Amino acid sequence: MSNMRGAVLLVGSVPLETAEEVFRTCARSLGSLVDAYPDGEVGDRKYWTFYLPARTYSVHPDLEAVNAPPDGRAHQPGPDASPEEWARSWWTFKLRPGVTSLEFPALGYAEEAERSYATFRRLRDEGAIPAGARFQVSFPTTGSAIMGFFAVPGDWPVVYEAYRRAVRAEVAAIAGFVPHDDLTVQWDTASEVRDILAGNEPLLPWSPSTSLDEKWSRHLQDMNELSGVVPEGVVLGYHFCFGTWGGWPKSVAPDIGICVRLANEAVARAGRRVDYVHMPVMPDADDAFFVPLQDLDIGDTKAYMGIVLHDGLEAFERRARALRRYLPEFGIASYCGWGREDPADLPGILENLRASATRLSTVLEPTDR
């Protein structure tokens, strides 16, 4: 049975400067509506996977840069950016000549989590975070960590295995200093979703020419490789995403079918309990968008639906009513994290999330459930 009881899921990133600001701000607004509080992925982590080239790939002696931002930092381009601006916004790498195996040192997630957990525990002891709340840590799945940054697909098998070994070690390290009943681990899956949505076409200029079936096989194998490393007493969740780099959604889905299949596969392949899955929802989602939820087969795993967008309570309620025709019980969330949102907008985002939870529980009639 899922250990998730909260009505609201925080996906991960929050546009504030410190973990303490994130914990205090989010807990003050959402309190016990949330089961687990992330540290906001502050600092370089606000750019999500771009933390990896900045922290690890760019300084690795066995890798050489194919492309790099002029100032060594990722910059999110606008939706109308030119190809040249896109190229300058991030890194790509390849293995140095003669390198046939690769090891990554510590990726930095455990180091960041150790500092944040000390802050989390202190604030919870003070009552600023609700008693019983867990500490949440999110990790990119392998495709999201590798595909966009390694421009030679022939290098991918070596780099995939290196990343898997390293991220499994990060999870084990965190589970070594955070009590298991105090920890939530979330796998973030975005590039894989976008790759599948591209069908038989390559997602990136350097992507290999593979069929849709081959893409599914590669990305589903990653679920086998990663979920089992999370200890049984730790809450385990998956966040699926359509991408936000340069504006959301980066890829457009005609319906929620891809997320339904990913959720079913995640639960079937985990080898242990999966406590929750998060599925994003398009702003204009109507009844037809949710029809594939008829095939959702995740048992007691809780579904958090990304139906809280930036378009008000009436639009939220419209999506919620359509959704409930196919999924009577669910939690709510934003479509993704907020790390690259304007910090000035955060109070409104949090209030919208709280108001949406209230609307879901008090306004929608029981006959809609």
**Complete:** Extension length gain for A131 and L327 (0.36 nm per residue less Cα distance), in nm, is 67.6 nm
**Item:** Candidates per GluC sites (Glu not before Pro) in the range 100-173, loop by DSSP, up to 11 other Cβ within 10 Å
**Value:** E103
**the range 309-359: GluC sites (Glu not before Pro) falling in loop per DSSP and having at most 14 other Cβ within 10 Å** = E329
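How do R115, R134 rank by accessible surface area computed with a 1.4 Å probe, from largest to smallest? Spell out each step's value before the answer.
Values: R115 125, R134 35 Å².
Ranked from most to least accessible, the order is R115, R134.
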**Request:** With all protein chains present, calculate the accessible area of I349 using a 1.4 Å probe and round the result to the nearest 10 Å².
**Result:** 20
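Based on DSSP H runs of at least 4 residues, each adding -39500 (n - 2.57), what is the mean residue ellipticity at 222 nm of the chain after dividing by all its residues, to the nearest 500 deg cm²/dmol?
On the way: 12 runs with 137 residues, N = 369.
Calculated from helices alone, the mean residue ellipticity at 222 nm is -11500 deg cm²/dmol.
Can you pull a Stokes-Einstein diffusion coefficient for the range 152-288 at 10 °C (1.306 mPa s), Rh from Kirkwood over Cα pairs, as a whole number of µm²/s? Let's see the in-between values first.
On the way: Rh = 16.3 Å.
Calculated translational D: 98 µm²/s.
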**Residue-span extension gain [D295 to R318] - 0.36 nm each, minus C-alpha spacing** = 6.1 nm
**Message:** From the convex hull of the Cα coordinates of the range 251-346, what is the mean projected area in square nanometres?
**Reply:** 6.8
**Request:** Please turn the phi angles of the range 174-181 into ³J(HN,Hα) values with the Karplus equation 6.51 cos²θ - 1.76 cosθ + 1.60 (θ = phi - 60°), one per residue in order, whole Hz, x for glycine and proline.
**Result:** 5, 5, x, 10, 9, x, 4, 7
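Using only the C-alpha atoms of the range 32-120, find the volume of their convex hull and express it per residue in Å³. Numbers along the way, then the final one.
On the way: hull volume 12.4 nm³, N = 89.
In the range 32-120, the Cα convex hull volume per residue is 139 Å³.
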**Message:** Just to confirm a number: summing +1 for Lys and Arg and -1 for Asp and Glu over residues other than H180 whose beta-carbon lies under 13 angstrom from that of H180, what do you get?
**Reply:** -1
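Just to verify a number: FRET efficiency for R73 and T362, C-beta to C-beta distance, R0 = 51 Å, to 0.05? Show your work: numbers first, answer last.
On the way: r = 45 Å, r/R0 = 0.88.
Plugging the Cβ-Cβ distance into 1/(1 + (r/R0)^6) gives 0.70.
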**Item:** L360, L203, reordered so the largest accessible area comes first (probe 1.4 Å)
**Value:** L203, L360
**Karplus-derived HN-Hα couplings along the range 146-156 (A = 6.51, B = -1.76, C = 1.60, θ = phi - 60°), whole Hz, x at Gly and Pro** = 10, 4, x, 10, 10, 8, 10, x, x, 7, 4
**Request:** Show the residues, 5+ positions off or on another chain, whose built amide H is closer than 5 Å to the amide H of V281.
**Result:** G306
**Item:** Residues whose placed amide H lies under 5 Å from that of Y238, excluding near-sequence neighbours
**Value:** W187, Y276, V277, H278
**Request:** Compute from the Cα atoms of the chain the Rg and the Dmax, the latter being the longest Cα-Cα distance, and quote both in angstrom.
**Result:** 19.7, 65
**Request:** Within the range 1-87, report the GluC sites (Glu not before Pro) that DSSP leaves as loop and that have at most 14 other Cβ atoms within 10 Å.
**Result:** E17
**Request:** Let me know the charge dipole size of the range 149-188 about its Cα centre in debye, to the nearest 20, where only the beta-carbon of Lys, Arg (+1) and Asp, Glu (-1) is charged.
**Result:** 160
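Put S334, S191 in order of accessible area, largest first, 1.4 Å probe: what do you get? The partial results should precede the final answer.
Working: S334 5, S191 30 Å².
In descending accessible area the options line up as S191, S334.
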**Percent antiparallel among DSSP beta bridges (both partners in the chain, rounded to 5)** = 10
**J(HN,Hα) series, the range 131-144, from Karplus relation 6.51 cos²θ - 1.76 cosθ + 1.60, nearest Hz, glycine and proline x** = 4, x, 5, 9, 9, 10, 10, 10, 10, x, 6, 5, x, 5
**Request:** Between D286 and S101, with labels modelled 7 Å along Cα→Cβ, what's the label distance in nm to one decimal, could you check?
**Result:** 5.7
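Report the FRET efficiency, 1/(1 + (r/R0)^6), for W86 and W206, where r is their Cβ-Cβ distance and R0 is 22 Å, rounded to 0.05. Display every interim value, and only then the final one.
Working: r = 13 Å, r/R0 = 0.61.
Efficiency at R0 = 22 Å is approximately 0.95.
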**Complete:** GNM on the chain, Cα springs under 10 Å; top mean-square fluctuation among G339, G108, G243 goes to G108
**Request:** Compute the Cα gyration tensor for the range 82-233, then decide on rounded, prolate or oblate, letting a ≥ b ≥ c be the square roots of its eigenvalues: rounded whenever a/c is under 1.5, prolate when a/b is larger than b/c in the other cases, and oblate in all that remain.
**Result:** prolate
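The values are calculated or read from the model by the stated rules, or taken from the named source; none is laboratory data. A quick note: this is a predicted structure, and the numbers were derived from the prediction, not measured. Every residue, glycine among them, receives a Cβ derived from its backbone with ideal geometry; neighbour counts consider all protein chains shown. Surface accessibility is based on the protein's heavy atoms, side chains included, excluding ligands, DNA and RNA. Shrake-Rupley method; radii C 1.70, N 1.55, O 1.52, S 1.80 Å.
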